[in-house]
Amino acid sequence: MPTIQLTDRTLKALPAPETGQETHWDCALAGFGVRVSQGGTKSFVVVYGPNRTRKTIGRYPTVSLKQARDKAKELIASFVLGLDRQRSITWAEARDRFLEDCEHRLRPATVRYYRSRLNTHFRFGKRQLSDITRQDFQDKIRSGPVTRGEQHHALVAARTLLNWAVREEYLQANPLAGMRWFKAPKARERVLTNDELQEVLAKAEQAPYPFGKIVTLLALTGMRRSEVAALQWDWIDSKERLITLPAELTKNSRTHTLPYGALVADVLAGMPELGEYLFPSTGGKGSVFNGWGKSFGRFFVTLEDVAPFTLHDLRRTFATNHAKLGTPIHVTEKLLNHVSGTISGVAAVYNRHSYIGEMRSAMNAYDESLAKLMSSR
């Protein structure tokens, strides 16, 4: 392993590699060196112990050479004195064990929340968990085209994993502890305009299966994306034009029957039947469609005059447009399968009217309004 004499002069003169990273080791202190990345970033590192534990100390020149060398000596001494005996584990191993532990304690939706954020934003692979710094997490989260709200959610997932790692003694301390957090996202109020909804529906019709059909159904029915993705053919009564969602799928754990009109019927009639699910998984992960991030990204770039939005904004737009049509609020809440609202508490216990007739009338009126909207394009 080649070594050099690390000084401020040699540090400043170290060239950036054409690709990847290159580590230059200090001849004055075994195991201490500086890692230079392709972009020119220089980070002090130290490697010690029989397992070759590697830790990143900090970036130069924010951390001076003297400070970094002193810290390296401190870490090596702590190991020799038996103060540093944490178990070695990679990021990938820690992530998998953390998610496995979550599956025994938490709701499936919460586990999906953690898995999605960790896999999407923090791809550290086989790097040692103890070697990943706060700066590494911040660099990852800032390098992706994500909203401030998604940055917050991603860092919450990472912080939770790291707290778990501290409890399991894979880490001595959480590198994200005490950091200044991104602000939590405010309640969204985004509603698509008629022109935006018109373009979304038109481009969704042209988009490939399955995502184009999913977007269309979200806009036409007001269902949640998890509900649309999990749809089964057995839940659809094409004769009566009813979709019945089982209690285990809905957010409020109540069976939901939703009437649909001609537009949804046309979408369903044009879909391939590839098994029990309308949108079966093709990537080997799970049984139904789950490629939300990449699919939405590819779809959004096809839109020309639509401001940034989320798929859940289609549900809010659905509710807002029903209000414009004069749909009574309690009928809209039935369409959305909301428990709390105008019919709740004691009234909800005694009022068992299903409102199917009122819901069907509202959906037919919504179909007519969308048909007029699309014909004006």
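So if I take the centroid of the Cα atoms in segment 36-56 and the same for segment 13-29, what is the distance between those two points in Å?
10
What is the extension gain from Ala30 to Lys324, computed as 0.36 nm multiplied by their sequence separation minus the C-alpha to C-alpha distance, in nm to one decimal?
So the chain would gain 98.6 nm between Ala30 and Lys324.
Just to check I understand the Karplus step: with θ = phi - 60° and J = 6.51 cos²θ - 1.76 cosθ + 1.60, what whole-Hz values come out for segment 308-320, glycine and proline as x?
x, 8, 10, 4, 5, 5, 5, 5, 5, 5, 4, 5, 5
Given the options Lys294, Lys239, Lys42, state which has the largest fluctuation in a GNM of the chain using a 10 Å cut-off (strictly under) for Cα springs.
Lys239
Which far-off residues, 5 or more places away or on another chain, put their amide H under 5 Å from the one on Thr90, with H placed in the peptide plane?
Leu129
Cα to Cα, under 21 Å, and not fewer than 8 places away if on the same chain: which lysines meet these conditions relative to Lys294?
Partners within reach: Lys140, Lys203, Lys213, Lys285.
Return the FRET efficiency for the residue pair Thr19, Lys294: r is the Cβ-Cβ distance, R0 is 25 Å, and the value is rounded to the nearest 0.05.
That gives a FRET efficiency of 0.50.
With the Cα gyration tensor of segment 182-289 giving a ≥ b ≥ c as the square roots of its eigenvalues, does the rule (a/c under 1.5 for rounded; else a/b larger than b/c for prolate; else oblate) give rounded, prolate or oblate?
rounded
What is the distance, in nm, between label points placed 7 Å from the Cα along the Cα-to-Cβ direction at Asp234 and at Ser376?
4.4
If you build a Gaussian network model of the chain, linking Cα atoms that sit under 10 Å apart, which residue out of Ala202, Ala247, Ala72 swings the most?
In this elastic network of the chain, the residue with the biggest mean-square fluctuation among Ala202, Ala247, Ala72 is Ala247.
Most fluctuating residue of Val36, Val228, Val288 in a GNM of the chain with Cα springs under 10 Å: which is it?
Greatest mean-square fluctuation among the candidates belongs to Val36.
Spin-label point model (7 Å from Cα, Cβ direction): what's the Met179 to Asp101 distance in nm?
About 1.9 nm separates the two model spin labels.
With every protein chain left in place, what is the accessible area per residue of the chain in square angstrom, probe 1.4 Å?
That works out to 55 Å² per residue.
Taking the chain as the reference, fit the longest principal axis to its C-alpha atoms, fit the long axis of helix 211-221 to the helix C-alpha atoms, and give the angle between the two in degrees, 0 to 90, nearest 10.
That helix lies at roughly 50 degrees to the long axis.
Give the lysines whose C-alpha is closer than 24 Å to that of Lys12, dropping any in the same chain fewer than 8 places away, or say none.
Output for Lys12: Lys42, Lys55, Lys66, Lys71, Lys73.
Can you give the FRET efficiency to the nearest 0.05 for Ser78 and Arg254, using r as the Cβ-Cβ distance and R₀ = 56 Å?
In this case the efficiency is close to 0.50.
Given a 1.4 angstrom probe, I'd like the percentage of the accessible area of segment 8-47 that is carbon and sulfur, rounded to a whole number.
47
Can you tell me which lysines have their Cα less than 16 Å from the Cα of Lys324? Leave out same-chain residues fewer than eight positions away.
Qualifying lysines at Cα under 16 Å: Lys372.
When the accessible area of segment 176-308 is computed with all protein chains present and a 1.4 Å probe, what percentage of it is carbon and sulfur?
Carbon and sulfur atoms account for 50 percent of the accessible area of segment 176-308.
Averaged over all directions, how much area does the convex hull of the C-alpha atoms of the chain cover when projected, in nm²?
24.0
The values are calculated or read from the model by the stated rules, or taken from the named source; none is laboratory data. Computed from a prediction, not measured in an experiment: that's the story for all the values here. Here Cβ is always computed from backbone atoms with ideal geometry, including for glycine, and neighbour counts include all displayed protein chains. Just the protein is used for accessible areas: all its heavy atoms, side chains included, with ligands, DNA and RNA removed. Shrake-Rupley method; radii C 1.70, N 1.55, O 1.52, S 1.80 Å.
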